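Worksheet for the structure shown next.
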Amino acid sequence: MNTAAAQKPFRVIDTGIRPCREQIAFDQALIESHKAGTIPDTVRFLQFPPSVLVGRHQAISQELNLDACRAAGVGIGRRITGGGALYLDEGQFGWELVFRRSTLAIDNLGDLAREICEAAAAGLSKLGIDARYRPRNDIEVDGRKISGTGGFFDGSTIFYQGTTLVDMDASRMAALLNIPAAKLAKRGETSGVQRVVTLRELFGGTPPAIAEVKQALLEGFAERLGITPQPGDITAEEEQTSRRLFDEDIGTDAFVYEIDDPAGRADVLVGSHTGRGGTITAHLRLEGPNQDRIREIVITGDFFVTPPKTVMNLEAALRGALLADVTEVIDTFFAEAQVGLLTAAPADFATAIANATAPAEEPPSETSPKGADAITG
């Protein structure tokens with residue numbers, strides 16, 4: 001063991017299978033406890049009963065077939081990270097890292113995603129497969145996704161998470177998620193199932209035990225990130241904080257359905273833009289004699305921005321802005337906010353708004369339908 005690794009111990013915990021909203025509440029508990037200095041840098045493993053999750057900024061009715069989800073009795077939750085919608089059950093597991101910025105000394109979210117994804121890919125490759133990082137935040141085998149990831153900075157704390165597909169109920173995933181045909185056609189596919197691959201398929205029906213996969217990931221993190229994973233215990237404070245967050249916020253329908261269907265009103269203009277950082281969709285209502293001022297705006301999509309509250313702050317900054325001033329307002333906001341964007345740019349947000357207000361006879365370029373990434377975390 002090298003000296004550098006020995007100086008970067010990471011506690012390893014496993015919260016097992018818990019309802020999806022409880023697992024997400026524990027995510028936030030990890031972050032709050034780490035920021036308070038009461039827990040060390042940590043790796044967590046977790047699993048879900050059958051559940052559907054939307055990303056922090058997604059409109060839930062647009063991403064999920066809610067009637068089918070309720071009829072199937074699956075859990076419905078909203079993550080605290082960005083990205084697309086996903087279906088999870090006992091056939092997949094999640095992994096997370098919460099740690100100080102100084103631990104890896106990486107201040108750019110895109111660079112962080114690359115380093116962690118390459119470490120996870122190196123770990124999975126120890127199982128005998130050729131796992132590789134695919135920008136912006138996926139891990140693939142032969143061009144098909146086996147893991148989606150995402151994360152953000154919160155002050156001096158970094159939270160980054162991913163999923164690993166050991167097995168998957170493909171028909172259930174297809175029935176519960178709204179995956180638009182145009183999004184699949186762009187990748188030359190006809191179904192969301194084609195986009196992903198499981199360890200069961202790669203190993204001819206007999207995947208490695210989940211414990212073996214977790215160990216391989218830990219070895220990849222240790223070797224590529226220079227950390228020392230050490231088995232640890234979940235603290236009583238973490239459990240108490242998690243329960244409080246569940247009861248007050250993350251476990252409530254108000255949080256899960258907070259962004260539902262902003263395009264549902266006749267006077268709401270909608271425009272999308274897809275760039276390297278994902279799809280950004282702007283939903284806005286205008287006001288003024290010339291209908292040239294933003295009255296209300298909701299921004300949704302599968303992009304990543306840190307911290308998550310940035311989007312709500314941007315929406316607040318844009319309310320009352322003249323359409324002619326949108327680019328300047330957005331540029332000023334990001335220049336002053338000191339936030340992180342995972343390959344998205346301020347101009348991408350301005351383009352989505354411009355597309356929403358473009359004349360119908362002049363279709364905007366680079367638009368993209370709203371929809372869910374099937375697996376991305």
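Per residue, the accessible area of the chain comes to 40 Å², computed with a 1.4 Å probe over protein heavy atoms only.
Going down the list Lys35/Lys126; Lys126/Lys309; Lys145/Lys214; Lys145/Lys309; Lys8/Lys126, which pairs span over 26 Å between their C-alpha atoms?
Working: Lys35/Lys126 33 Å; Lys126/Lys309 38 Å; Lys145/Lys214 18 Å; Lys145/Lys309 29 Å; Lys8/Lys126 22 Å.
From the list (Lys35/Lys126; Lys126/Lys309; Lys145/Lys214; Lys145/Lys309; Lys8/Lys126), the Cα-Cα distance tops 26 Å for Lys35/Lys126; Lys126/Lys309; Lys145/Lys309.
What residue among Ala72, Ala350, Ala36 shows peak mean-square fluctuation when the chain is described by a Gaussian network model with Cα springs under 10 Å? Maximum among the listed residues: Ala36.
Could you work out [θ]222 nm for the chain from helices alone, using -39500 (n - 2.57) per DSSP H run of at least four and dividing by all its residues? Round to the nearest 500 deg cm²/dmol. Intermediate results must be reported in sequence, preceding the final value.
Values: 15 runs with 132 residues, N = 377.
Using -39500 (n - 2.57) per qualifying helix, the result is -10000 deg cm²/dmol.
Under a Gaussian network description of the chain, with springs only between Cα atoms under 10 Å, the residue in Gly151, Gly84, Gly16 that fluctuates furthest is Gly16.
For segment 227-324, chymotrypsin sites (Phe, Trp or Tyr not before Pro) meeting the loop criterion (DSSP other than H, G, I, E, B) and having at most 16 other Cβ atoms within 10 Å: Tyr257.
Round to a whole number: what % of the accessible area of segment 186-318 belongs to carbon and sulfur, probe 1.4 Å?
Working: 3080 of 6410 Å².
That fraction is 48 percent.
Of all DSSP-defined beta bridges confined to the chain, some 80% are antiparallel rather than parallel. Note on the chain: GNM, Cα springs under 10 Å; of Pro289, Pro229, Pro262, the largest mean-square fluctuation is that of Pro289.
Is there a quick way to get the dipole size of the chain? I mean about its Cα centre, with the Cβ of Lys and Arg at +1 and of Asp and Glu at -1; what is the value in debye to the nearest 20? Please list the in-between numbers first.
Details: 37 positive and 52 negative charges, 110 e Å.
In debye, rounded to 20, the chain gives about 520.
Only protein heavy atoms count here; under a 1.4 Å probe, His283 has an accessible surface of about 10 Å².
The values are calculated or read from the model by the stated rules, or taken from the named source; none is laboratory data. Being a predicted model, the structure only gives us computed values, none of them experimental. Please note: Cβ atoms are built from the backbone with ideal geometry, for glycine as well, and neighbour counts cover all protein chains shown. SASA here: full protein model, heavy atoms, side chains in, ligands and nucleic acids out. Shrake-Rupley method; radii C 1.70, N 1.55, O 1.52, S 1.80 Å.
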